């Protein structure tokens with residue numbers, strides 16, 4: 001892991017939280033094995049209230065996703081491609097829990113596609129979540145996944161490959 005990138009990410013998120021009126025520490029960690037190569041910026045929830053955690057996470061993780069988008073955009077702005085990197089913002093284990101949910105959704109869609117022989121559309125997934133489902137199902141060589149539609153109504157499709 002690039003310690004300079006970790007430090008920049010940690011400082012950026014710490015300042016973002018400070019400007020938002022939230023006193024919380026941020027640690028930079030390596031990606032868990034289930035996640036793409038990314039610098040993880042983890043907000044320490046130990047000093048936060050349940051209301052603050054809920055506010056930072058948002059419905060369906062939308063606020064956490066927005067903070068992550070801002071971090072990635074801001075921290076990579078003006079850097080040459082070889083110096084850019086991915087940042088994942090986590091709070092209270094949300095990313096692990098959501099990953100497990102996505103894994104169950106993906107496996108269910110795979111089973112349904114195999115059982116029916118029909119395409120299964122997964123709606124209401126963010127772009128990052130669609131990428132995760134693609135990754136989860138890529139080892140299923142009898143299946144194909146692709147995205148259909150335009151934002152904000154883009155959907156992931158799972159279907160059985162024809163022989």
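The values are calculated or read from the model by the stated rules, or taken from the named source; none is laboratory data. All values reported here derive from a predicted model rather than from experimental measurement. Ideal geometry is used to build each Cβ from the backbone, glycine not excepted, and the neighbour counts take in all protein chains shown.
Between residues in the range 135-163 that are more than 16 Å from residue 110 (Cβ to Cβ) and outside the structural domain of residue 109 (by TED's automatic domain parsing) and residues that are modelled with pLDDT under 95 and loosely packed, with under 10 Cβ neighbours inside 10 Å, which pairs lie under 6 Å by C-beta distance while being six or more apart or on different chains?
Every condition considered, no pair remains.
In the range 116-140, what residues are in a helix (DSSP H, G or I) and more than 21 Å from residue 63 (Cα to Cα)?
116, 134, 135, 136, 137
Show me the helices (runs of 4 or more DSSP H) entirely contained within the range 1-109 in which 2 or more residues are in contact (Cβ under 8 Å) with a residue 60 or more places away in the chain and either out of contact with any strand residue (DSSP E or B) (no Cβ under 9 Å at 6 or more places or on another chain) or surrounded by 15 or more Cβ atoms within 10 Å (Cβ to Cβ) (or both).
Ranges flagged: 3-19, 62-76.
Those residues that are closer than 23 Å to residue 72 by Cβ and surrounded by fewer than 15 Cβ atoms within 10 Å (Cβ to Cβ), I need them from the range 113-137; list them, please.
Residues satisfying the conditions are 124, 127, 131.
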